[in-house]
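Bear in mind these aren't lab numbers, they're just calculated from the coordinates by the rules spelled out. Just so it is clear, the structure is predicted and the values come from calculations on it, not from any experiment. Reconstructed Cβ throughout: ideal geometry from the backbone, glycine too, with neighbour counts over all protein chains shown.
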Amino acid sequence: MQIGLIALAVTFTAAASAATGHFSGDSRRGAAFFRDQGCAYCHPVRGQGGRQAPDLGVRGARNYTPALMAGLFWNHAPEMWSAMAAQRISRPLVSREQAGDLFAYFYSVRFFDAPGDAARGKRAFESKRCAACHGISSAADPAAKPVVAWKSLEDPLSLVQQMWNHSGQMRASFKERKIAWPQLTSQDVTDLFVYLQNLPETRSVIAEFAVPDPSAGEALFRERGCLVCHQGRLNLQHRAVERKTLIDIAAAMWNHAPGMIQPPPRVEPEEMRSIVGYIWNSRFFASTGSAARGRNVFSQKGCAGCHNDGEAPKLKGRYDPLDIVSALWKHGPAMLEQMKAKNVAWPRFRGDEMSDLVTYLNTDR
């Protein structure tokens, strides 16, 4: 049975394009925007809202990238505009910041993580030997905290921080008991999170999640000694992490702990937020598609006919999926009318085509 995680109140800073710097995206503002602009009239979220369109909180085909989500927005836009006109709902002019709020809201309902399974999470809690020390209501080991005392259930970033700080003590305990260090996949961590959040003892926990401006993360990354190893090919800013969610990072840091200089440097919650923000945040909205394929998409979808050879503005600058969503809502209806007048079909994006297109737009053309 697929069980969704508790909805998160998300505030995070996403890296903006070179021209605009950083901005804040807040899931609470995103949820309000989603509701106030009439999206919830058709799309319910976990049963709350209309019935004309799929429930966005329980769909199984998640694990989207931001570029894929932007492509879905684009594909669905004509139908959305038509439905809004039929219901006499004013079409919003979505700013870049509002697009960021929407993406934060979609992050909060787990659109960027693979769905978790509580039954698998229970099996992982036992097979990975978590239950050997951590009980649910009371700990099996006096040195370990029971699950009900885990503040990390309130916040995925707190989970990353607690797993990291806990690794040194765990390593010593495992060595003493002659237990091999358990390797966790991101799916394992997701399943564990779902299982532990949906226990009767923890179900009332209200999860909150905030990623601050990552500007302080670079200094902390250096001060904690991370740069001693993470240079050259191990430089994390140069490695492709577009598809890495925070759960992916939690699993990777846990698996990496035994190979670290011991003991691993202790990191406080706000420090972990900044470090993870530095590593993850800017890359999450980056597109690492193929510029060559993107050039073909630009031509085949008819973009070049207007933006290179027609009256539409030339597309110059730096772009990411948030720019695409904002531009879609600001200029899309006029584009649609012009395309109808010319008997040109509205372009649809499949797979990684939007990521390829954004990558191409960011090249020097």
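General observations
- Theoretical FRET efficiency, 1/(1+(r/R0)^6), r = Cβ-Cβ of Glu126 and Arg266, R0 41 Å, to 0.05: 0.90
- Residues Ser167, Ser173, Ser127, Ser90 in ascending order of nearby Cβ atoms (within 10 Å, fewest first): Ser90, Ser127, Ser173, Ser167.
- Given +1 at the Cβ of Lys and Arg, -1 at the Cβ of Asp and Glu and no other charges, the dipole of the range 291-361 around its Cα centre is 80 debye to the nearest 20.
- FRET efficiency for Glu311 and Arg35, using Cβ-Cβ distance with R0 set to 25 Å, rounded to 0.05: 0.10
- Across all Cα atoms of the range 291-361, the radius of gyration (one decimal) and Dmax (whole number) stand at 11.7, 30 Å.
- Structure note, pairs Lys128/Lys178; Lys316/Lys340; Lys122/Lys145; Lys128/Lys175: Cα-Cα distances above 20 angstrom occur for Lys316/Lys340.
- Pairwise FRET efficiency - His331 versus Arg365, Cβ, R0 = 25 Å, nearest 0.05: 0.80
- A cut-off under 14 angstrom between Cβ atoms defines the neighbours of Gly168, and their net charge, with Lys, Arg +1 and Asp, Glu -1, is +3.
- Extension gain (nm, one decimal) between Arg233 and Gln87, 0.36 nm per residue minus Cα-Cα: 47.1 nm
- The relative contact order of the range 291-361, computed from alpha carbon pairs under 8 Å that lie at least 6 residues apart in sequence, is 65 percent.
- For the range 219-365, the orientation-averaged shadow of the C-alpha convex hull comes to 11.3 nm² (one quarter of the hull surface).
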